[in-house]
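These notes are about the structure you will find just below.
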Amino acid sequence: MPQQDQTTDLVLREALEANGQRFTEQRAAVYRFLASTDKHPTADEVFLAVRSEVPVISLATVYKSLETLVGCGLAMKLTYGDGSARYDGRTDPHHHARCLSCSRIFDVGGHLPPEELDDLEEGTEGFQVTGYRLELTGYCSRCGKEQAEA
Ligand code: ZN
Ligand code: MN
C-alpha cells in the first residue's frame, strides 16, 4: 500500500474511533478517493471512482460513508439550492467558486479583510459572527470561452 494511503487510513481510523464508528474497507476507499482529489465530487462520482477498487460497494454505502466522514469532521458537504450535494475532503477554511454552466467547484484562496467582516456584522442586528462562507459564481475558464465563442 502506498505511503499516502497508509497515512490517510490512519487519520480515518482515529477519527472513526473517536466518533464510535468502525473502520471498514468501504469507508477507507471512499475517504482515500476524497482525500486524493480537489474536484469536489458528487456521491455518484465517488461511487464510480471507488467501484474499481471495491467492486462490491453500493451507491447507498457510498452515501452513508460520505455522511459518516462529514460527521467525523473529515469531509465537508457542499449543498446547493437544487438539492444537489458535493463533497470536499479539504476541511480547513477556504472558499469556493462555482461554475454556473458545468457546476464544477474550485477552491479559492484569500479572505475578506477584517474591517469588511466588521461592517457586515454591524448590519446583522446583534448576530455574533464566528465565521463565513464565500461562494463565487460565474463561468470557469472552459465554459467562459464557450460563452465568448457562442
Ligand atoms: Zn464550467
Ligand atoms: Mn474545497
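The values are calculated or read from the model by the stated rules, or taken from the named source; none is laboratory data. Note that the structure is predicted; figures quoted are calculated from it, not measured. Cβ atoms come from the backbone with ideal geometry, glycine included; neighbour counts cover every protein chain shown.
Summary of values
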{"read-out": "The listed residue being within 23 Å of residue 140 (Cα to Cα) and not assigned by TED's automatic domain parsing to the domain that holds residue 134, out of 58, 36, 52, 65", "value": "36"}
{"read-out": "Selected residue [of a type in the set (Asp, Glu), over 30 Å from residue 72 (Cβ atoms), not assigned by TED's automatic domain parsing to the domain that holds residue 66 and not in a loop (DSSP other than H, G, I, E, B)] from 125, 121", "value": "121"}
{"read-out": "Checklist (1) assigned by TED's automatic domain parsing to the domain that holds residue 130; (2) over 24 Å from residue 131 (Cα atoms) applied to residue 29, failing item", "value": "(1)"}
{"read-out": "Members of segment 51-106 found to be aliphatic (A, V, I, L, M), closer than 20 Å to residue 26 by Cβ, in contact (Cβ under 8 Å) with a residue 24 or more places away in the chain and part of a loop (DSSP other than H, G, I, E, B), listed by number", "value": "54, 57, 74, 75"}
{"read-out": "Close pairs (8 angstrom Cβ cut-off, 6 or more residues apart or separate chains): without any contact (Cβ under 8 Å) to a residue 12 or more places away in the chain and surrounded by 11 or more Cβ atoms within 10 Å (Cβ to Cβ) in segment 129-150, part of a strand (DSSP E or B) and of a type outside the set (Phe, Trp, Tyr) anywhere", "value": "144/138"}
